[in-house]
1. Mind checking the dipole of region 2-123: about its Cα centre, +1 per Lys or Arg Cβ, -1 per Asp or Glu Cβ, Debye to the nearest 20?
2. Quickly rank 12-23, 46-57 as a protection proxy: mean count of other C-beta atoms within 10 Å, highest first.
3. What percent antiparallel are the DSSP beta bridges of region 1-93, to the nearest 5?
4. Given H placed 1.01 Å from N in the peptide plane, which residues other than close sequence neighbours of F33 have an amide H under 5 Å from its amide H?
5. Need one word for the chain: rounded, prolate or oblate. Basis is the Cα gyration tensor (sqrt eigenvalues a ≥ b ≥ c); a/c below 1.5 gives rounded, then a/b vs b/c decides.
6. Return the long-range amide H neighbours of M63 (sequence gap of 5 or more, or a different chain), with a cut-off of under 5 Å between placed amide H atoms.
7. Before anything else, pin down the relative contact order of the chain: Cα pairs under 8 Å, at least 6 apart, normalised by residue count, whole percent.
8. Expressed in nm to one decimal, what extension gain is obtained for the pair A32 and D11 from 0.36 nm per residue of sequence separation less their Cα-Cα distance?
Amino acid sequence: MKVLIVDDEADVQPLFEQRFRKEVRTGEIDLAFAFNGEEAYDYVEKHPFEVVLILSDINMPGMSGLELLRLLRQKYAVAPPMIIMITAYGDKESYQQAMQFGADDFLTKPLDFNLLKGKLKTLTFDGKDIGS
């Protein structure tokens with residue numbers, strides 16, 4: 001499963017690589033990274049059927065995660081990709097906007113990686129389990 005992580009913080013990449021080391025090594029998950037919304041949108045444009053899940057921060061310079069979500073949902077109305085928004089601010093307005101724009105889920109920082117791994121194991125598309 002190709003997972004695109006979108007976050008402007010440089011320490012996110014080594015953190016995800018460490019937390020998903022086993023899943024990457026066994027080939028269950030293939031991680032890709034983008035450091036802003038524009039880069040993520042370009043990546044999806046170049047690999048339209050590759051990315052199964054996008055984990056995107058909301059607050060980033062340039063194109064925000066919410067704008068990325070809105071643009072991707074206009075272009076790809078049905079999953080994949082599934083899109084989970086991640087933010088340090090668990091405010092009601094960000095949550096409502098993310099859901100209105102078509103987010104599949106919403107998580108707050110600091111990320112609970114056990115919770116995230118549990119969610120990844122239950123992902124399904126068209127009744128087909130992709131998390132195992």
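Nothing in this text is a laboratory measurement; each read-out follows from the coordinates by a stated rule. Only a predicted model underlies this, so the values are computations on that prediction, with no experimental measurement involved. Cβ coordinates were reconstructed from backbone atoms using ideal geometry, including for glycine residues, and neighbour counts include every protein chain displayed.
1. 500
2. Output ranking for 12-23, 46-57: 46-57, 12-23.
3. 0
4. For F33, whose amide H was placed from the backbone, the distant partners under 5 Å are I5.
5. Rounded.
6. Under 5 Å from the amide H of M63: G37, E38.
7. Relative contact order here is 22 percent.
8. 6.1 nm
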